[in-house]
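Inspection log for the structure reproduced underneath, given as structure tokens.
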Amino acid sequence: PRHLLTLDGLPRDALNALLVRAQAFAEGHYDRRALDGIAVCTLFFEPSTRTRMSFTLAAQRLGADTLNFDASTSSTRKGETALDTVKNLEAMGVRGFVVRHQEDGAVAALASQVNDGTVLVNAGDGRSAHPTQGLLDMLTLRQAKGADFSTRKVLIVGDVKHSRVARSDLQALRTLGTGEIRVCGPASLLPQDGTLQGCTVSDDLDAALEGVDAVMMLRLQRERMEEGLVASLDDYHRDFGLTATRLTRAAPDAIVMHPGPINRGVEITDEVADGPQSLILRQVSNGVAVRMAVLEALLKG
Ligand code: CP
């Protein structure tokens, strides 16, 4: 595809090709002039640490010129629309836009109105998609557990309803033919829209953890949540928090993942987040490599 808006519909071969390329980047094999003369702008209408910084680093490692647009200090504050912002940056010669927006579908809407040759990457739109997070999570799983996902049991825990990360992860896990995908969370935080099709769904975390190879914890997204969806943070932690004791139910070599930012002591304890089975910071490292692969695929040549 010309843009990367979602992992939905991305064929397995294309997904695997990005992961293989990202692995090479992770091992330090890259051309520092691959994107020489190409300008890439990160355009974020929502906060970010990992995604924005790692896209910037990825673009710089490939030799691109990088611009960072911060909505809070821009002419957006004077009422300028996202589309006018993109059009003005296009006029300066920017070719690649990495866009995060609070509204579902906002990045696709922009993509339909840009010039030929302009490329958009969705860095997270509303609850819909966060495709590069899905890719970096798959790279992390692949490194830890191998390229054959068919015998793997993967558990996703928590606030799936508000999670674009979970939607992209689920799409990628299905595309890669994951043996069993389990989802666990309170009914109030599980979507009823077909997102969980084909998943084994439960509200019993102890049972859901039995024998899994990977546990992907989700952040409780309080900024997208109506009041009352969870009784209290203490109750949530008691029922759905990953503790070291609970983790012993998973396979002995199970890995623990979390997209960040972490609500420490809510969805996961410090002991697990910082423990030997945690690959949370590996995910972050892989984010740079995956974003290099995406920018190269969309912008080079
Ligand atoms: N995981 C993730 O998207 O983190 P940021 O919101 O900090 O980019």
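Per-residue answers, yes or no, for (1) within 16 Å of the ligand (Cβ to nearest atom); (2) buried (at least 18 other Cβ atoms within 10 Å of the Cβ); (3) not hydrophobic (A, V, I, L, M, F, W, C):
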residue	(1), (2), (3)
ALA64	no, yes, no
LYS87	no, no, yes
LEU110	no, yes, no
GLY117	no, no, yes
ASN122	yes, yes, yes
HIS130	yes, yes, yes
LEU139	yes, yes, no
ARG142	no, yes, yes
GLY146	no, no, yes
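List pairs: first residue in region 123-139 and more than 10 Å from LEU4 (Cβ to Cβ), second residue within 10 Å of the ligand (Cβ to nearest atom) and in a strand (DSSP E or B) anywhere in the structure, Cβ distance under 9 angstrom, at least six positions apart or on different chains.
Within 9 Å, the pairs are GLY124/PHE44; GLY124/ARG100; ASP125/ARG100; HIS130/ARG100; HIS130/ALA123; HIS130/GLY124; GLN133/ALA123; GLN133/GLY124.
Would you please list the contacts, defined by Cβ atoms under 7 Å and residues six or more apart or on different chains, that run from a residue in region 272-296 that is among the β-branched types (Val, Ile, Thr) to a residue that is part of a helix (DSSP H, G or I) and surrounded by fewer than 19 Cβ atoms within 10 Å (Cβ to Cβ)?
The qualifying pairs are VAL272/ALA244; VAL284/ARG50; VAL288/LEU57.
Please list, ordered by residue number, the helices (runs of 4 or more DSSP H) wholly in region 211-301 having 1 or more residues that are more than 20 Å from the chain's Cα centre (by Cα) and under 28 Å from ALA26 (Cα atoms). Talk me through it step by step, then tell me what you get.
Values: elements: 233-240, 244-247, 270-273, 280-299.
Fully inside region 211-301 and qualifying: 270-273, 280-299.
Please work out which residue is farthest from ALA82 (Cα to Cα), limiting yourself to region 39-58 and to residues that are surrounded by 20 or more Cβ atoms within 10 Å (Cβ to Cβ) and away from the ligand (no atom under 15 Å from the Cβ).
Selected residue: VAL40.
Each reported figure results from applying straightforward, stated rules to the coordinates on display, with no laboratory input. Keep in mind that what you see is a predicted model, and the values were worked out from it rather than measured. All Cβ positions, glycine included, derive from the backbone under ideal geometry; neighbour counts span all protein chains shown.
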